[in-house]
Every structure is written in C-alpha cells, then in structure tokens.
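Below you'll find the structure, written out as structure tokens, and then a few comments.
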Amino acid sequence: MGEFELIRRYFAERAGRRDDVVVGIGDDCALLRPPGGDALLAVSIDTLVEGVHFLPGSDPARIARRLLGAVVSDLAGMGATPAWFTLALTLPAAEPDWLEPFAHALAERAAELGIVLVGGDTTRGQLTLTAQAHGWVAPQRALRRDGARDGDLILVSGTLGDSRGGLQVQQDQAAATESTRFLLDRFFSPEPRIGLAQALAPELHAGIDISDGLLADLGHICAQSGLAAQIELERLPLSPALIDYAGPRRAREWALSGGEDFELCVTAPPAALARCLALAAEQGIALTCIGQMRRGEPRVEVCSEGKPLPVSAHGYDHFGGDR
Ligand code: ADP
Ligand code: MG
C-alpha cells in the first residue's frame, strides 16, 4: 500500500463533511471558509524526520530553514498568502547547543517569510519536526489541482532536480565547489514561490508545488483534472550546477523524479503564456513551458526527441516499497 492509498483508505474516506470545507484532503492546502469573511483560510502541515528527510547530525539552522520553506511552499502551491504557523517538536533531549541555532534560524526565516509562530507542541522522542502553516486566499485566486483544461500549457518555475542533487552532495561528502554549494543551498533553503504564484494566479487554471517530484506532482494535476500531461524531456529546466555535478542524464532523471524542489508546476491557457512569462521575468524567476495538458488517460507522458519515453521512476512515496 502506497502513501496515497493509505491516506485515501484510512483517512480521506472517513474524513467527515462540513459545508465550510471548500477543499479538503487532496490538495496542497485545505481551504476553509471562516464565518463572515471573503477570504478562505489555507492550512497545510509538513513533517521532517531525521534519517528520512535529512541526514543525522545535520545543521539545526539548516533544518529550521528547510522546515519553514517546505511548509510555506504548500501555501504557494495554493496561491495563498502565509500568515501564521505552529510547531510540533519531538526531540531526543533538550540540548541548548541544538536548540539555540535551530530557534535562531527559525525566527529569522519566519520573519523573511512573513509568518509568526502562534503555538505548537513539544515532546521527547526521535528527532521529528512538524510545522503547520496557515494563510489565506481569495476563492477565485486559489490554485487547485483539479482545474487544468485540455490544451493548457504546463509551466514550471526555477530549475528542477537541484534538491536531489544537494542530497547526493551530502551522501557523497563531496568537496565544496561553486556547484556543490549551490545544490546544498537548494536542498536546505527552499524558496517558496509565494509572490510568483500570486502574480500568476489570475492567468492560471491549476497549480501545485513540486515536493514529491515533477512526475508525481504533475500526476496529481492529471488525476484530479482528468487529463493527460505530455512533457518533453529536453525542455526541463536544469541548473548549470546540477549538470556540472550529476551530468546531463542523472540531472534529467532527478528533474523528473527527485523530490523537494519546492518549485511551482502550473497550467495556463496558451493565450496567457506571454503574460505569465512577463510576470515571472518581473520577479527575476525563470518560468519554463515543458509541455501541454491533453485529453487522455490521466498520467504524465514524457517525450524525448519526439519519441515517448518509458517512464518507470515516480515521485517519492513514503510507503511505496511496502506491500
Ligand atoms: P503535499 O505534498 O502537497 O504536502 P501530500 O502529498 O503530502 O501533499 O498529501 C496529499 C494530501 O493528503 C494532502 O491534501 C494532505 O493534506 C493529505 N494528507 C496526508 N496525510 C494525511 C493524513 N494522515 N490524514 C489526512 N490527510 C492527509
Ligand atoms: Mg504540495
């Protein structure tokens, strides 16, 4: 049983119903309608587990930045404006040498992202960090996974695969170079595309943040919009650092299925392409058209040099190996 089957069978099907749940389980954030307001409350939660999401002994300041970057990215994936967060900490020990740099970086990154800490929970156990982010979005501006239409162009921000490259740099214990520093920074300090998502939202039909890998996350747009996605391998945006470190073959592989890039994957009608590119350029963020949504079986088809590529790799699934 995979992660998504588990969520569906045990939780989504028994989640209960309320009229004020506009979007429940299944998107980057839940969208909830508080009484008396126009804006929807956007809520998302993310967990980092030592040994799963970061290597044991990782710098606590980097973990703090990664935690907030990751959770706020889900608000970006929804087109929402971040406002508050809560923090659940499970720590093996109350160790000031770990807590001080963690807390310092957490406060610093929260200020940069415009969010404030409003609560949490603290327990003892294996190092596990959970942050829940709350923000808001106007209903007509929400970037949902189910809104893509036949013929929409598929656009991604930034470059893909860098975070997977950063993980490899750590596993290889590679020497510091300009490329390895860039990749480590992409791994530890994700930059949620909040401003870009909001600027593009009026032009878009659907959107998601890429946390489990392009194939998996674009696959969610396909599944929820009932469309196929056709993308071209040669169009995937790759950083020079990733190509330098991993070579072009692995770079493309990681761009397809490496997780945690926290870039946006959005769909827009072809007529909006020029406006989208101009808005991204204004913010100094790369935006690349990698393919198109089509009627068909809801899955991602990858073409290379005009020929379909057999794609076996999927995004990260925490229970994907379990039977
Ligand atoms: P994302 O990658 O955007 O953070 P996930 O792939 O982790 O989203 O989760 C998919 C959907 O399932 C999300 O809407 C998430 O809120 C929901 N979800 C994940 N785990 C649970 C759970 N244990 N109970 C209820 N909903 C869950
Ligand atoms: Mg997400």
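What follows draws every value from the coordinates through simple rules; no lab data is involved. Since this is a predicted model, take the numbers as computed values, not measurements. Heads up, the Cβs are rebuilt from the backbone with ideal geometry, glycines too, and the neighbour counts pull from every protein chain shown.
Observations on the structure shown:
- The relative contact order of the stretch 3-140, computed from alpha carbon pairs under 8 Å that lie at least 6 residues apart in sequence, is 32 percent.
- 222 nm mean residue ellipticity, helices alone, for the chain (DSSP H n ≥ 4; -39,500 (n - 2.57); rounded to 500): -11000 deg cm²/dmol
- The string of couplings for the stretch 72-84 from the Karplus curve (6.51, -1.76, 1.60, θ = phi - 60°) is 5, 4, 5, 5, 4, x, 9, x, 8, 9, x, 9, 9 Hz, one whole number per residue in order, with x for Gly and Pro.
- Candidates 272, 251, 176: whichever shows maximal mean-square fluctuation once the chain is modelled as a Gaussian network with Cα springs under 10 Å: 176
- Of 305, 253, 234, the one that fluctuates the most in a GNM where the chain has Cα springs shorter than 10 Å: 305
- Put simply, the amide H of residue 294, placed in the peptide plane, has neighbours under 5 Å in 151, 228, 229, 230, leaving out anything fewer than 5 places away on its chain.
- Using θ = phi - 60° and Karplus 6.51 cos²θ - 1.76 cosθ + 1.60, couplings along the stretch 300-306 (whole Hz; Gly, Pro as x): 8, 9, 10, 10, 10, 6, x
- Proximal charge balance of residue 224 [Cβ under 10 Å; K/R count +1, D/E count -1]: 0
- Cα gyration tensor, the stretch 143-309 - rounded (a/c under 1.5), prolate or oblate: prolate
- With neighbours defined as other Cβ atoms within 10 Å of a residue's Cβ, the residues 90, 180 order from fewest to most as 90, 180.
- Rounded to 5, the percent of DSSP beta bridges in the chain classed as antiparallel: 75 percent
- Pair residue 126, residue 286: separation of 7 Å Cα→Cβ label points (nm): 3.6 nm
- Going from the fewest other Cβ atoms within 10 Å to the most, the residues 293, 78 appear in the order 293, 78.
- Rounded FRET efficiency, nearest 0.05, which uses the C-beta distance separating residue 97 from residue 118 and R0 of 25 Å: 0.40
- Under 13 Å, Cβ to Cβ, from residue 12 - net charge with Lys/Arg +1 and Asp/Glu -1: 0
- C-alpha center-to-center spacing [the stretch 173-220, the stretch 132-169] in angstrom: 8 Å
- Take every pair of alpha-carbon atoms less than 8 Å apart whose residues are at least six positions apart; their mean separation over the length of the chain yields a relative contact order of 23 percent.
- Contact order, relative form, for the stretch 165-323: 35 percent (alpha carbon pairs under 8 Å, 6 or more residues apart, mean separation divided by residue count).
- Net charge over other residues, Cβ less than 14 angstrom from the Cβ of residue 180 (K, R count +1; D, E count -1): -2
- Ordered by the number of other Cβ atoms lying within 10 Å of each residue's own Cβ, fewest first, 245, 10 fall into the sequence 10, 245.
- Gaussian network model of the chain, springs between alpha carbon atoms under 10 Å - residue of 105, 76, 94 with greatest fluctuation: 94
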